[in-house]
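Report on the structure given below.
The values are calculated or read from the model by the stated rules, or taken from the named source; none is laboratory data. Note that this is a predicted model, so its numbers are computed, not measured. Every residue, glycine as well, gets a Cβ built from its backbone with ideal geometry; the counts of neighbours run over all protein chains shown. For accessibility, only protein heavy atoms count, side chains too; no ligands or nucleic acids. Shrake-Rupley method; radii C 1.70, N 1.55, O 1.52, S 1.80 Å.
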Amino acid sequence: MPIDFDQYRGLTEGKVIANQNKYGYNTLSIKKKKGFFTYAVRVLQEPMLLMLLLAAILYFTIGSNWDGLLMIVGVLTMIGIDIYQEKKTDRALEALKELSTPKVNVIRDGEIITISSEELAKGDLLVAQEGDRIAGDGKILDDVNFSVDESLLTGETGAIHKSHILSSNKHSSNNIVYTGTLVLSGQAVIEVTAIGNRTQYGQIGSSLSEIKDESTPLQKKIRKIVKIFGIVGALACLALMIIVYVITGDVIDSILKGLTLAISVIPEEIPVILTVFAALGAYRLTKKHTLVRHINAVETVGHITTLCTDKTGTLTENRMALEAIYADGKILTIKETKKANHTLHPFVANALLASQPHPYDPMDISIHQLAKRVGLNITEVYEQKNFIEDYGFDQKLKFMGHLWKSGNEQILAIKGSAENVIERCDLSVKQKNTLLTEVDKMASQGLRVLAVANKYLPAKSKPKLLKNVNEIEFVALLGFRDPPREDAKRAIKMCQKAGISVRMITGDHPQTALQIAKAVGINHGGGIMSGKDLETMTETELDERISDVHIFARITPEQKLKIVNSLKRRGEVVAMMGDGVNDAPSLKEADIGIAMGKRGTNVAREAADIILLDDRLLTVVGAVSDGRRIFDNIQKAIGYIFTVHSYIILTALLIPLSGLPILLTPIHIILLELVIDPTCALVFESIPAETNIMKRKPRGHYEPVIPRGQLSRVFAVGIMIFLVTVGAYVIALQMGLDTNAARTIGFSAIIWSNLFIVLTSVSYDENLKSIWKFVNNRTFVWIYSLIMALLIFLVYTPGINLRFGFEAVPIWMFLFTIVLGFIPLSFGEILKKLTQRI
């Protein structure tokens with residue numbers, strides 16, 4: 001019989017706290033929180049900051065103490081901004097980690113409650129069931145058909161049967177379970193005897209607690225770009241130093257100008273934005289019922305080209321309601337059963353024996369409701385027999401069974417896949433074909449069809465496994481309707497508009513799958529591929545056929561893996577949705593594994609990259625949209641960085657070679673970095689999605705980070721800023737203004753250009769009306785208000801302006817720099833119209 005949980009009380013709340021204080025929490029290691037020093041050390045490893053510090057030392061060396069001090073203050077400010085960004089990112093990642101910690105069921109104060117696995121205390125009564133990973137070493141107190149896989153510890157796969165009844169072998173440990181082992185079948189109540197590092201797993205596997213994610217294609221491309229910039233910067237720096245030294249003979253001046261160029265070349269903001277955007281994006285997704293377990297999935301989810309989904313609970317409501325029964329040679333609807341109530345009693349009684357006495361599964365509940373409808377005394381059916389054995393659902397056989405004792409004989413009641421059950425029935429080929437025709441009739445109406453059968457056995461003849469049972473007696477067919485989810489059709493339509501193919505992979509009957517596919521709008525023109533069809537195909541045959549097929553029926557978990565691999569061989573970016581223990585391999589193999597948060601097993605959730613907290617397909621569509629928005633914003637931020645660095649590089653390189661007074665010194669580079677860093681990490685991260693984001697085709701893995709047309713536009717705008725700002729600087733010098741006044745004109749034009757190109761960078765295709773996206777963007781308003789206030793302060797504060805190489809200029813000149821800043825904006829908008837995302 002099922003476990004009677006009411007007999008167990010478990011630990012009290014007071015005892016839990018006492019045990020946690022005495023034995024600790026259920027973690028393999030205590031991770032120290034990062035302090036200020038840790039962040040500072042990490043930030044100081046950035047090449048740009050090291051070069052700025054070197055420039056400060058050079059200023060002190062030549063006696064320019066004020067410039068050196070300004071450099072130090074500027075560097076400390078940049079370090080502060082970087083540390084703030086790092087801490088914000090780490091807080092988001094820690095919050096994600098807490099949300100993704102596995103949950104376990106325990107009995108405390110007589111009630112079954114769900115807690116984080118880290119909160120499991122020694123002495124707790126752990127409730128383990130199929131699909132769970134055992135969270136602590138323990139002793140089994142009670143169980144039903146309980147088996148585990150201990151391959152994580154022993155390396156040997158296969159089911160190991162466990163029981164609270166100790167084996168006669170004195171060395172046996174069949175009543176002991178270990179942390180990390182997987183429950184394959186049944187249920188058990190386990191008294192926890194060891195947690196954390198004191199478990200068998202903890203003693204041999206602590207090193208497994210820290211797993212590093214592999215770099216994504218985008219991260220590898222960015223690393224390559226930064227490396228190229230670094231090499232080019234080093235060579236250009238060296239060349240400029242040699243040229244300046246040859247011209248001037250001044251070593252310190254040549255080094256400072258070379259450092260200024262090197263600092264301007266390195267796009268050190270790019271790796272930062274990748275981390276910040278992904279972490280904050282993943283954290284925001286949790287508020288939309290999407291939990292990201294692997295941070296790199298945020299990038300990949302936006303590139304999905306194929307979405308493989310189950311039927312039950314994803315495309316349908318998972319509210320199985322019995323709609324028809326085939327018994328005694330005819331099909332009756334539920335409404336018709338009341339008229340034939342007494343004649344149906346033996347058929348429904350057999351169905352009850354194959355169901356749980358206290359049902360929680362929707363199909364079992366529906367069978368109990370039918371029994372009441374036909375006037376069957378349910379209590380009497382169960383009390384007349386004694387429960388002996390529960391044979392859990394077998395993934396290969398596709399059916400389950402209950403063994404009962406009735407007088408001097410035993411009854412094995414079986415329920416499961418109609419085809420598989422009928423195949424084992426003691427019937428002629430003609431009779432089997434007749435039944436299969438009835439199955440097809442019911443399935444073509446969109447019903448999920450189960451068969452009920454039984455076998456009478458001698459009193460002491462107990463089958464060890466269901467697979468050993470043959471020549472069973474057919475009883476009835478049950479047809480259940482699981483209505484399509486209202487939002488599934490909308491979600492599939494949105495996927496198709498976004499260039500994503502939706503494929504249904506189900507273990508159900510082909511006709512049932514087809515009817516659901518038609519109801520929700522899945523492409524069914526390529527026909528249906530069954531598990532039997534797939535089994536006979538070679539890899540090449542499957543690869544050729546799979547592109548046309550969107551419905552897969554009677555598929556086993558092993559075959560799901562074949563489908564995923566075939567799609568990947570064809571260049572698809574595959575997202576796989578799953579919830580069962582056996583879905584784990586295909587979830588891991590897919591580019592994006594998506595597990596169900598409500599009905600999924602712990603093993604499926606562990607294998608997945610993303611967990612849907614509401615099990616809705618529409619939530620996946622939302623995650624794809626967010627993934628695309630995040631990637632778009634990374635692209636926009638990188639484009640902005642390229643624009644900014646292109647004009648800084650040209651300024652730092654060409655001005656010294658032309659013999660003109662220096663426009664940008666290292667301290668001015670620092671001031672520009674104080675504009676660039678928060679703009680990239682905070683302003684671009686919060687840009688809303690483009691209006692057409694879910695009407696585009698998915699981006700390929702091997703496409704460049706920034707498309708050529710867009711890249712050309714980015715550098716063209718950078719060159720335009722250089723021409724405008726340096727042109728203004730040169731004209732100011734020719735007008736007779738001194739270097740500080742001319743620099744004020746040029747630098748102010750650079751700042752205004754920075755502000756305005758952000759406005760044109762907010763959208764690939766939209767014109768200046770996209771500026772209104774920033775009206776409610778508080779981050780943008782605050783950052784640029786501070787930047788403008790700082791610029792005015794540095795230009796017009798006596799004494800301070802000279803220290804920064806500026807000078808108070810007439811108001812009309814300062815206002816004219818705003819007009820100059822509009823020129824790159826207008827130029828960028830014209831290019832946008834011409835290129836339109838070439």
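Before moving on, here are some points about what is shown:
- Failed item in (1) open to solvent by 10 Å² or more (accessible area, probe 1.4 Å); (2) farther than 26 Å from Leu834 by Cα; (3) in a helix (DSSP H, G or I), with Leu711 passing the rest: (2)
- Filtering Ile676, Ile706, Ile630, Ile641 for residues that are of a type outside the set (D, E, K, R), within 36 Å of the chain's Cα centre (by Cα) and closer than 27 Å to Cys308 by Cα leaves a single hit, Ile630.
- Scope region 412-428; condition crowded, with 20+ Cβ neighbours inside 10 Å, of a type in the set (A, V, I, L, M) and in contact with a helix residue (DSSP H, G or I) (Cβ under 9 Å, 6 or more places away or on another chain); matching residues: Leu412, Ala413, Ile414, Ala418, Ile422
- A single member of Ile693, Ile670 is in a helix (DSSP H, G or I) and out of contact with any strand residue (DSSP E or B) (no Cβ under 8 Å at 6 or more places or on another chain), and it is Ile670.
- Hits in region 112-126 (condition: open to solvent by 20 Å² or more (accessible area, probe 1.4 Å), in contact (Cβ under 8 Å) with a residue 60 or more places away in the chain and in a strand (DSSP E or B)): Ile112
- Subset of region 538-560 (residues that are over 21 Å from Asn420 (Cβ atoms) and in contact with a Lys or Arg (Cβ under 9 Å, 6 or more places away or on another chain)): Glu539, Leu542, Asp543, Ile546, Ser547, Val549, His550
- Region 468-488, subset acidic (Asp, Glu) and part of a helix (DSSP H, G or I), residue surrounded by the fewest Cβ atoms within 10 Å (Cβ to Cβ): Glu486
- Taken over region 285-335, residues that are crowded, with 21+ Cβ neighbours inside 10 Å and in a helix (DSSP H, G or I) amount to 7.
- Filtering Ala652, Ala623 for residues that are closer than 16 Å to Leu723 by Cβ and buried (at least 24 other Cβ atoms within 10 Å of the Cβ) leaves a single hit, Ala652.
- For region 429-461, filtering for residues that are surrounded by fewer than 17 Cβ atoms within 10 Å (Cβ to Cβ), not in a helix (DSSP H, G or I) and not charged (D, E, K, R) leaves 7.
- Scanning region 694-749 for residues that are among the basic types (Lys, Arg) and more than 30 Å from Val502 (Cβ to Cβ) turns up Arg708, Arg713, Arg743.
- Selection status of Leu613, more than 26 Å from Gly828 (Cα to Cα) and either out of contact with any Cys (no Cβ under 6 Å at 6 or more places or on another chain) or open to solvent by 10 Å² or more (accessible area, probe 1.4 Å) (or both): yes
Residues checked against (1) at pLDDT 95 or above; (2) out of contact with any Asp or Glu (no Cβ under 9 Å at 6 or more places or on another chain); (3) β-branched (Val, Ile, Thr):
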| position | (1), (2), (3) |
| --- | --- |
| Asn777 | no, yes, no |
| Trp782 | no, yes, no |
| Leu786 | no, yes, no |
| Leu790 | no, yes, no |
| Phe793 | no, yes, no |
| Gly799 | no, yes, no |
| Arg803 | no, no, no |
| Glu807 | no, no, no |
| Ile818 | no, yes, yes |
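Results for (1) small (Gly, Ala, Ser); (2) farther than 30 Å from Asp440 by Cβ, shown as yes or no for each residue.
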site	(1), (2)
Leu274	no, yes
Leu280	no, yes
Val298	no, yes
Thr309	no, no
Thr316	no, no
Glu323	no, no
Gly329	yes, no
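- All positions within region 497-515 that are under 17 Å from Met577 (Cα atoms) and out of contact with any Phe, Trp or Tyr (no Cβ under 9 Å at 6 or more places or on another chain): Ile500, Ser501, Val502, Gly507, Asp508
- All positions within region 509-554 that are surrounded by fewer than 21 Cβ atoms within 10 Å (Cβ to Cβ), of a type outside the set (A, V, I, L, M, F, W, C) and not in a helix (DSSP H, G or I): Gly521, Asn523, His524, Gly525, Gly526, Gly527, Ser530, Thr536, Thr538, Ser547, Asp548
- Qualifying residue in region 480-497 (condition: under 26 Å from Tyr391 (Cβ atoms) and in contact with an Asp or Glu (Cβ under 8 Å, 6 or more places away or on another chain)): yes
- Residues located in region 655-666, provided they are in a helix (DSSP H, G or I) and either in contact with a Cys (Cβ under 6 Å, 6 or more places away or on another chain) or surrounded by fewer than 24 Cβ atoms within 10 Å (Cβ to Cβ) (or both): Ile655, Leu657, Ser658
- Residue, farthest from the chain's Cα centre (by Cα), within region 358-394, restricted to residues that are farther than 29 Å from Lys460 by Cβ and modelled with pLDDT under 85: Pro359
- Contact map, region 438-465: residues that are over 27 Å from Asp508 (Cα atoms) and of a type in the set (Phe, Trp, Tyr) paired with residues that are open to solvent by 20 Å² or more (accessible area, probe 1.4 Å) and in a strand (DSSP E or B), Cβ distance under 9 Å, separation 6+ or inter-chain. Pairs shown: Tyr456/Ser406; Tyr456/Glu409; Tyr456/Glu473.
- Out of Lys489, Lys518, Lys532, Lys467, sole residue that is of a type outside the set (Ser, Thr, Tyr), at pLDDT below 95 and more than 36 Å from the chain's Cα centre (by Cα): Lys467
- Pairs with Cβ under 7 Å, 6+ apart, first in region 660-689 and over 14 Å from Ala637 (Cα atoms), second assigned to a loop (DSSP other than H, G, I, E, B): Thr665/Gly805; Ile667/Phe804
- Taken together, the criteria place Ala491 among residues that are crowded, with 19+ Cβ neighbours inside 10 Å, of a type outside the set (Val, Ile, Thr) and part of a helix (DSSP H, G or I).
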